[in-house]
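> Have a look at this one before I ask anything.
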Amino acid sequence: MKIDNATWFGLIAVPFVIAVGQILFKMTAVSNAGQGPLGLLSNVTFWIAIVIYGSATIAWIATIESVPISRAYLFVALTYLYVPLLSWIFLREQVTYRTFAGMMIVIVGIVVSVSN
């Protein structure tokens, strides 16, 4: 099956956008600590994350239009690469060698799974 450039972009970019949403949700959790669920309603970061997730969902639907979901969904595993990297960059969280090794295993798994 030949995958066009736009679909490849979606397969790689949508998980990245989802990972950005996860970082924003973590930032929301920290800033909303102790305020309960109603505190989310006035949290701008929360609403930005919701919009990002909604946009990613729409982009994902367009992406899987021409690709079997059984192959496309493997790329969602890229979030296991993106989230630790983004949390290290933006949240100053530690990424251990074990985490890095796991990230590499995910990449190898995707490559093995989708190669012809």
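The values are calculated or read from the model by the stated rules, or taken from the named source; none is laboratory data. As the structure is a computational prediction, the values presented were derived from the model and not from experiment. As a convention, Cβ positions derive from the backbone with ideal geometry for all residues, glycine included, and neighbour counts pool all protein chains shown.
> How about segment 37-64: which of its residues are touching a residue at least 40 places away in the same chain (Cβ under 8 Å) and not β-branched (Val, Ile, Thr)?
56, 59, 60, 62
> Among the candidates 58, 64, which residue alone is under 13 Å from residue 15 (Cβ atoms) and at pLDDT 95 or above?
64
> Would you say residue 101 is farther than 19 Å from residue 7 by Cβ and surrounded by fewer than 16 Cβ atoms within 10 Å (Cβ to Cβ)?
So residue 101 fits the description; yes.
> Among the numbered conditions (1) farther than 29 Å from residue 114 by Cβ; (2) in contact with a Pro (Cβ under 6 Å, 6 or more places away or on another chain), tell me where residue 76 comes up short.
(1) is the only condition that residue 76 fails.
> Output the helices (runs of 4 or more DSSP H) that fall wholly within segment 1-92 and possess 3 or more residues being out of contact with any Asp or Glu (no Cβ under 9 Å at 6 or more places or on another chain) and surrounded by 12 or more Cβ atoms within 10 Å (Cβ to Cβ), or say none.
The qualifying helices (runs of 4 or more DSSP H) are 5-31, 44-63, 79-90.
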